[in-house]
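**Student:** Starting off with a structure, shown below.
The values are calculated or read from the model by the stated rules, or taken from the named source; none is laboratory data. Everything numeric here is computed off the predicted structure, so don't read it as measured data. Note that each Cβ is placed from the backbone with ideal geometry, even for glycine, and that neighbours are counted across all protein chains shown.
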Amino acid sequence: MSLDATNQFESVSTPWLTPVFAQLLETYQAGRLAHGVLFTGSAGIGKFKLAKNIAQYLLCSSKQADGACRQCHSCKLFLAHNHLDFHLLENETDKSIGIEQVRSLIATLNERPHLGDNKVVIIKNAQLLTIPAANALLKTLEEPQGNSYLILLARTHHQLMPTLLSRVQQTHLHTPEDSQLLAWLAELGFFVEDKGLLRLFQNSPLALLNHLQSVQQASAIDERRNCVEGLFSVLNQPETLFTFSQFLAESAEQRLQLLFHLLHDLHKLKLSESVMNKDAVYSFALPQLQIWQSQITLKSLRYLSSELLQTRKLLVDHSGLKKELLINALLIKIKNEFKEIAVC
């Protein structure tokens with residue numbers, strides 16, 4: 001079984017998940033936990049960690065009121081990533097989850113458990129199930145074999161087929177408030193004053209923590225500054241367009257989202273008469289944004305935001321497309337919508 005990168009956070013406390021976990025235990029203990037469960041929430045909220053905690057509890061042979069005992073043979077096998085009744089189904093990079101993977105899983109679920117009474121499956125990125133694969137799961141969700149539990153993970157329920165969605169018990173994971181998130185980060189040694197970072201990562205704690213750790217280890221930088229500098233260059237030195245396009249294409253989904261935030265903050269700045277909230281993603285670049293917002297109309301900003309999101313969706317949904325060509329075309333549109341005014 002492959003291990004997820006989020007395993008690095010196994011020992012990190014996740015207080016925003018505690019009440020959700022407690023509610024799920026209560027539901028199970030009352031005999032109301034469905035055999036198909038869906039956890040939704042933004043990337044970095046902790047869906048996979050919560051799913052593993054629930055899976056361990058379901059497999060534990062000495063369940064406690066507040067969770068798995070962590071001491072029984074089943075728990076020890078689970079913690080060693082070697083439990084024969086736990087299965088992880090996930091897609092390979094840039095691929096969907098196919099019907100053959102699901103058929104193999106169903107065959108495994110049809111066998112008797114090796115330990116205890118339950119079998120548990122976690123399906124990561126459930127939105128990547130192909131239609132045939134999702135259809136193959138339907139009967140298993142309707143008529144689960146023995147005590148088999150399937151835990152599906154996705155960002156939003158809208159990403160799943162309605163027929164699949166109707167057969168699972170949904171739990172949405174909400175991000176913590178600023179005060180709770182900042183206090184949690186401080187406990188881990190990260191004192192964040194730039195609330196724009198919180199907005200950038202949509203208050204998703206583990207995604208934000210991963211970024212802060214990477215910056216601390218000098219293996220990552222604050223790419224918001226690259227977006228400001230890249231746009232500045234494109235508007236004033238057109239020959240740099242290809243360089244900025246390459247930068248965006250290296251991580252198109254994330255970096256185009258950064259560029260979208262930049263346009264969005266420009267839009268808000270025009271509406272608020274050059275005033276920007278301190279928790280805006282690009283609040284640190286206010287002087288430059290004040291110059292730009294005088295060079296572009298609200299209509300142009302709305303048009304460019306729509307074009308950017310369409311380009312991003314194309315690149316996310318179709319990995320075989322020529323990223324640089326599409327991003328080049330987008331940057332040309334951006335440049336053409338700004339007035340020809342010298343930027344100082």
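**Student:** Thr93 fails exactly one of the following numbered conditions: (1) of a type in the set (Val, Ile, Thr); (2) touching a residue at least 40 places away in the same chain (Cβ under 8 Å); (3) closer than 30 Å to Leu315 by Cβ. What is the number of that condition?
**Tutor:** (2)
**Student:** Scan (1) closer than 20 Å to Pro287 by Cβ; (2) at pLDDT below 95 for the single condition Leu263 breaks and write down its number.
**Tutor:** Of everything listed in (1) closer than 20 Å to Pro287 by Cβ; (2) at pLDDT below 95, Leu263 misses just condition (2).
**Student:** Let me ask something else. Name the residue, out of Ile99, Ile54, Ile45, that is among the β-branched types (Val, Ile, Thr) and farther than 26 Å from Thr175 by Cα.
**Tutor:** None of the other options fit; the residue is Ile99.
**Student:** What number of residues within the range 131-154 are touching a Lys or Arg at 6+ places or on another chain (Cβ under 8 Å) and part of a helix (DSSP H, G or I)?
**Tutor:** Number of matching residues: 4.
**Student:** Another question, then. Return the only residue of Leu231, Leu241, Leu235, Leu259 being closer than 17 Å to Ser306 by Cα and hydrophobic (A, V, I, L, M, F, W, C).
**Tutor:** Being closer than 17 Å to Ser306 by Cα and hydrophobic (A, V, I, L, M, F, W, C) holds for just one of Leu231, Leu241, Leu235, Leu259, which is Leu259.
**Student:** What number of residues within the range 224-249 satisfy the criterion of being of a type in the set (Asp, Glu) and modelled with pLDDT of 90 or more?
**Tutor:** Residues in the range 224-249 being of a type in the set (Asp, Glu) and modelled with pLDDT of 90 or more: 1 in total.
**Student:** Hey, another quick one. Is at least one residue of the range 180-197 under 16 Å from the mean Cα position of the chain (by Cα) and not in a helix (DSSP H, G or I)?
**Tutor:** For the range 180-197, residues under 16 Å from the mean Cα position of the chain (by Cα) and not in a helix (DSSP H, G or I): absent.
**Student:** Another question, then. Mind checking which residues of the range 32-60 are under 30 Å from Gln213 (Cα atoms) and of a type in the set (Val, Ile, Thr)?
**Tutor:** Those that are under 30 Å from Gln213 (Cα atoms) and of a type in the set (Val, Ile, Thr): Thr40, Ile45, Ile54.
**Student:** Thr93 versus (1) of a type in the set (S, T, N, Q); (2) surrounded by fewer than 16 Cβ atoms within 10 Å (Cβ to Cβ); (3) over 28 Å from Ser204 (Cβ atoms): which is the lone unmet condition?
**Tutor:** Every listed condition holds for Thr93 apart from (3).
**Student:** A further question follows. Which residue out of Leu173, Leu208, Leu200, Leu212 is farther than 28 Å from Ala126 by Cβ and not hydroxyl-bearing (Ser, Thr, Tyr)?
**Tutor:** Leu212
**Student:** Quick check, is Leu33 assigned by TED's automatic domain parsing to the domain that holds Gln145, touching a Phe, Trp or Tyr at 6+ places or on another chain (Cβ under 9 Å) and assigned to a helix (DSSP H, G or I)?
**Tutor:** No, not satisfied.
**Student:** Could you list all residues from the range 28-63 that are surrounded by fewer than 23 Cβ atoms within 10 Å (Cβ to Cβ) and over 26 Å from the mean Cα position of the chain (by Cα)?
**Tutor:** Matches in the range 28-63: Tyr28, Gln29, Ala30, Gly31, Arg32, Cys60, Ser61, Ser62, Lys63.
**Student:** Shifting gears a bit: Out of Thr175, Thr171, which single residue is β-branched (Val, Ile, Thr), part of a loop (DSSP other than H, G, I, E, B) and modelled with pLDDT of 90 or more?
**Tutor:** Thr175
**Student:** Identify all residues within the range 24-70 that are on the phi > 0 side of the Ramachandran plot and among the charged types (D, E, K, R); write none if there are none.
**Tutor:** The answer is Arg70, and nothing else.
**Student:** How about the range 133-172: which of its residues are under 17 Å from Gly44 (Cα atoms), surrounded by fewer than 19 Cβ atoms within 10 Å (Cβ to Cβ) and not β-branched (Val, Ile, Thr)?
**Tutor:** Within the range 133-172, Arg155, His157, His172 meet the criteria.
**Student:** Report, by residue number, each residue of the range 85-104 that is charged (D, E, K, R) and in contact with a strand residue (DSSP E or B) (Cβ under 9 Å, 6 or more places away or on another chain). Show your work before the answer.
**Tutor:** Taking the range 85-104 as the starting set, the residues that turn out to be charged (D, E, K, R) are 85, 90, 92, 94-95, 100, 103.
If the condition is that a residue be charged (D, E, K, R) and in contact with a strand residue (DSSP E or B) (Cβ under 9 Å, 6 or more places away or on another chain), then Asp85, Glu90 are the ones that fit.
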